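Colleague: Attaching a single structure in structure tokens format; questions to follow.
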Amino acid sequence: MNFHSIDYLLFLPVVVVLYYAVPQRFRWLLLLLASNAFYGSWRLEFLPLLWLTTGIDYAVGRVLPEVEDQRLRRLLLALSLTSNLGLLLFFKYFALAANTTLSLWHGGEPGAFEPIDIILPLGISFYTFQTLGYVIDVYRRRREPETHLGYFAVYVMYFPQLIAGPIERPGHLLPQLRRKHVFDVRLAAAGGAMMLIGYFKKLVIADRLAQSLPAVLTAPQDHSPLAVVLASIGSIYQYYADISGYADIAIGSSLVLGIRLSRNFNRPLAAASISEFWQRWHITVTTWFRDYVYMPIARAGRGRWRKPVATVLTIVIISFWHGAAWTWLAAGLIAGTVMIAEGAVRRNRGLAMATRSVLGAVGVGDRGVRFVQDNSNRLVLWLFLILLGSLVNAADWTAAMELWIRMGELPAQFGRLGFSLADVGFVPRTVLLAIIGLELYQWLDARRPVFDRLSDRGLPAAWAFYYAVAAAILVFGTFDRSGFIYFNF
């Protein structure tokens, strides 16, 4: 049952009607049954795995507060960590490690062995971290354990965010599951509007880009350097539209039920630096890694290098979590290193004063200095995004090198002014217009929610806008692709 399937569009209204119809004391049971039906419709055989994780972490959470012996407490925590991370590492990374080993054994000869392929259980990267965060918080005595297995199971399996987040903290989601919600027309309308924008991102932009970009990225020699660079940028936008579209549909679906999920994206492509980009990109993931990976590493180390080392390790892990491929690992290493360099430059007062003096000598004022500094950081960010886009879409290192070599010919193309419509013609005009429209929408929404703006103008304006979005989805959307990108994560 996919978010953009007819099944889900029938499933959600039924769940909503039943949710508000049944007594409050049974609503957790309805959500649990609905969540199991939702997940089981994908791969029923992975449902016991989800319950195994839920059962282990519920039991560990219940026992931890009763145990005073620190050694036993660590053993209980280790049980949760090893069971959860062990399953995640096996399903997500065993095939990569095994295939790499086999490739080295056979001297890298193509076709020398049959690659190992393991089906990744849907949502395992997300529900694993959600339950681990809960157990770690109970272990640190930062929260009391949930005593009701049913509510805890709903917290883990809540269907809008089960497959691809947001990763919720227990203190945010669990109290809402216990609270009695009364149907709110305005809240439901806001949820529906958010879902519509999510469908627009996914069906009109992400899936259309997925149709047009591979032709350039898999055969860079057949396209101009500018086209390859733009395709690399486009692949990042495809990722953004796909996964933020999922988040919008998830958050909107939950809003209809009166339950607010955490914000997951904050216009990451408008960031002015790599560090700011990660703070805006999949916010619940980056904050989870900040609290449960970065902070423990930074606090455990000593000396001036503990924070830089913790930063690089955390970004590498985040990147490798995004994709089980060595190219993702390399992208994380590059991003972490550049973030350290960014921070060092930003904190270097002498360099800042020297830059200001040089720019002042040629007549650049304070506003001009800030403009140069901000856009220098933004240039580094986009160079990284171009590199990331080529890395994550390349089949292997050889393919990545071919992309980089072709991109390296861009200055020569600029020098001979060898531009044509073919440089951007691989992307349909409707997609380019959709991206411009989405960026304008997000720019306005960041200043004041568009839903509120339209509400103030009355129902005719609101209905006209959302009908136009729905019409654009039906006319220009593509409906022949299955799943979201994060289903592979």
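The values are calculated or read from the model by the stated rules, or taken from the named source; none is laboratory data. Note that the structure is predicted; figures quoted are calculated from it, not measured. Please note: Cβ atoms are built from the backbone with ideal geometry, for glycine as well, and neighbour counts cover all protein chains shown.
Colleague: Across region 391-408, what is the number of residues that are modelled with pLDDT under 85 and in a loop (DSSP other than H, G, I, E, B)?
Modeller: Result for region 391-408: 3.
Colleague: What's the number of the condition Leu417 fails, among (1) assigned to a helix (DSSP H, G or I); (2) over 26 Å from the mean Cα position of the chain (by Cα)?
Modeller: Tallying (1) assigned to a helix (DSSP H, G or I); (2) over 26 Å from the mean Cα position of the chain (by Cα), Leu417 fails exactly one: (1).
Colleague: May I ask you to list the residues in region 21-51 that are hydroxyl-bearing (Ser, Thr, Tyr) and more than 21 Å from His148 (Cβ to Cβ)?
Modeller: Taking region 21-51 and keeping what is hydroxyl-bearing (Ser, Thr, Tyr), we get 35, 39, 41.
The one that is hydroxyl-bearing (Ser, Thr, Tyr) and more than 21 Å from His148 (Cβ to Cβ): Ser41.
Colleague: Is it the case that Leu217 is of a type in the set (A, V, I, L, M), in contact with a Ser or Thr (Cβ under 7 Å, 6 or more places away or on another chain) and assigned by TED's automatic domain parsing to the domain that holds Val427?
Modeller: Details: of a type in the set (A, V, I, L, M): yes; in contact with a Ser or Thr (Cβ under 7 Å, 6 or more places away or on another chain): yes; assigned by TED's automatic domain parsing to the domain that holds Val427: yes.
Taking the combined requirement at face value, the residue satisfies it.
Colleague: Of the residues Leu49, Leu72, Leu77, Leu30, only one is surrounded by 12 or more Cβ atoms within 10 Å (Cβ to Cβ) and either hydroxyl-bearing (Ser, Thr, Tyr) or at pLDDT 95 or above (or both); which? Let's see the steps before the verdict.
Modeller: Values: Leu49 fails: either hydroxyl-bearing (Ser, Thr, Tyr) or at pLDDT 95 or above (or both); Leu72 fails: either hydroxyl-bearing (Ser, Thr, Tyr) or at pLDDT 95 or above (or both); Leu77 fails: either hydroxyl-bearing (Ser, Thr, Tyr) or at pLDDT 95 or above (or both).
Just a single option satisfies the conditions, and that option is Leu30.
Colleague: It is to be established whether one or more residues within region 76-86 are touching a residue at least 60 places away in the same chain (Cβ under 8 Å), on the phi < 0 side of the Ramachandran plot and in contact with a helix residue (DSSP H, G or I) (Cβ under 9 Å, 6 or more places away or on another chain). Working first, answer last.
Modeller: Here is the first cut: in region 76-86, the residues touching a residue at least 60 places away in the same chain (Cβ under 8 Å) are 76-77.
Narrowing the set further to residues that are on the phi < 0 side of the Ramachandran plot leaves 76-77.
Okay, now just the ones that are also in contact with a helix residue (DSSP H, G or I) (Cβ under 9 Å, 6 or more places away or on another chain), so 76-77.
Yes, because at least one residue in region 76-86 is touching a residue at least 60 places away in the same chain (Cβ under 8 Å), on the phi < 0 side of the Ramachandran plot and in contact with a helix residue (DSSP H, G or I) (Cβ under 9 Å, 6 or more places away or on another chain).
The rows are residues; the columns are (1) closer than 18 Å to Ser319 by Cα; (2) surrounded by fewer than 22 Cβ atoms within 10 Å (Cβ to Cβ); (3) touching a residue at least 24 places away in the same chain (Cβ under 8 Å); (4) of a type outside the set (Gly, Ala, Ser).
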position: Leu255; (1), (2), (3), (4): no, no, yes, yes
position: Arg260; (1), (2), (3), (4): no, yes, yes, yes
position: Pro268; (1), (2), (3), (4): yes, yes, yes, yes
position: Ser275; (1), (2), (3), (4): yes, yes, yes, no
position: Arg280; (1), (2), (3), (4): yes, yes, no, yes
position: Arg290; (1), (2), (3), (4): yes, yes, yes, yes
position: Met295; (1), (2), (3), (4): yes, yes, no, yes
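Colleague: Which pairs turn up if I take residues in region 217-238 that are farther than 13 Å from Leu391 by Cβ and look for partners that are acidic (Asp, Glu) and not in a helix (DSSP H, G or I) with beta carbon separation below 6 Å, at least 6 apart in sequence or on another chain?
Modeller: As it stands, the answer is Pro225/Glu409, since those pairs meet every condition given.
Colleague: Does region 432-452 contain at least one residue that is at pLDDT 90 or above, more than 30 Å from Phe90 (Cβ to Cβ) and among the polar types (S, T, N, Q)?
Modeller: First pass over region 432-452, keeping only residues at pLDDT 90 or above: 432-452.
In the following step, the residues that additionally are more than 30 Å from Phe90 (Cβ to Cβ) were identified as 432-452.
Checking the rest, the ones that are also among the polar types (S, T, N, Q) come to 442.
Checking region 432-452: at least one residue is at pLDDT 90 or above, more than 30 Å from Phe90 (Cβ to Cβ) and among the polar types (S, T, N, Q).
Colleague: Related question: Is it the case that some residue within region 118-131 is of a type outside the set (S, T, N, Q), under 30 Å from Phe26 (Cβ atoms) and in contact with a Pro (Cβ under 8 Å, 6 or more places away or on another chain)? Can you show your working first?
Modeller: Start the filter on region 118-131 by keeping residues that are of a type outside the set (S, T, N, Q), which leaves 118-124, 126-127, 129.
Imposing the further condition that a residue be under 30 Å from Phe26 (Cβ atoms) reduces the set to 121-124, 126-127, 129.
Checking which are in contact with a Pro (Cβ under 8 Å, 6 or more places away or on another chain) leaves us with none.
Checking region 118-131: not a single residue is of a type outside the set (S, T, N, Q), under 30 Å from Phe26 (Cβ atoms) and in contact with a Pro (Cβ under 8 Å, 6 or more places away or on another chain).
Colleague: Consider region 420-438. How many of its residues are surrounded by 11 or more Cβ atoms within 10 Å (Cβ to Cβ), part of a helix (DSSP H, G or I) and without any contact (Cβ under 8 Å) to a residue 24 or more places away in the chain?
Modeller: Residues that pass the stated criteria total 3.
Colleague: Here's a follow-up. How do the pairs read when you match residues in region 57-75 that are in a helix (DSSP H, G or I) with residues anywhere that are surrounded by 12 or more Cβ atoms within 10 Å (Cβ to Cβ) and basic (Lys, Arg), using Cβ under 7 Å and keeping only pairs 6 or more apart or on different chains?
Modeller: That search, which allows pairs on different chains as well, returns Leu64/Arg73.
Colleague: Going residue by residue through region 432-443, is there one that turns out to be more than 22 Å from Asp207 (Cβ to Cβ) and either among the hydrophobic types (A, V, I, L, M, F, W, C) or out of contact with any His (no Cβ under 9 Å at 6 or more places or on another chain) (or both)?
Modeller: Filtering region 432-443 for residues more than 22 Å from Asp207 (Cβ to Cβ) gives 443.
Remaining after also requiring either among the hydrophobic types (A, V, I, L, M, F, W, C) or out of contact with any His (no Cβ under 9 Å at 6 or more places or on another chain) (or both): 443.
There is at least one residue in region 432-443 that is more than 22 Å from Asp207 (Cβ to Cβ) and either among the hydrophobic types (A, V, I, L, M, F, W, C) or out of contact with any His (no Cβ under 9 Å at 6 or more places or on another chain) (or both).
Colleague: Tell me which of these Ile119 doesn't satisfy, since it passes every other one: (1) exposed (fewer than 15 other Cβ atoms within 10 Å of the Cβ); (2) free of Cβ contacts under 8 Å to residues at least 40 places away in the same chain.
Modeller: The failed condition is (2).
Colleague: Being of a type in the set (D, E, K, R) and more than 27 Å from Lys202 (Cα to Cα), is that true of even one residue in region 30-48? Full working, then the answer.
Modeller: Taking region 30-48 and keeping what is of a type in the set (D, E, K, R), we get 43, 45.
Pick out the ones that are also more than 27 Å from Lys202 (Cα to Cα) and you get 45.
Within region 30-48 (the criterion being of a type in the set (D, E, K, R) and more than 27 Å from Lys202 (Cα to Cα)), the answer is yes, since at least one residue qualifies.
Colleague: Among (1) modelled with pLDDT of 95 or more; (2) surrounded by fewer than 23 Cβ atoms within 10 Å (Cβ to Cβ), where does Phe200 come up short?
Modeller: Among (1) modelled with pLDDT of 95 or more; (2) surrounded by fewer than 23 Cβ atoms within 10 Å (Cβ to Cβ), the lone unmet condition for Phe200 is (2).
Colleague: Continuing with this model, one more query. Report every pair of residues separated by at least 6 positions or lying on different chains whose Cβ atoms are under 6 Å apart, first residue within region 27-55 and in a loop (DSSP other than H, G, I, E, B), second at pLDDT below 95.
Modeller: From region 27-55, the pairs are Ser41/Met1; Trp42/Leu122.
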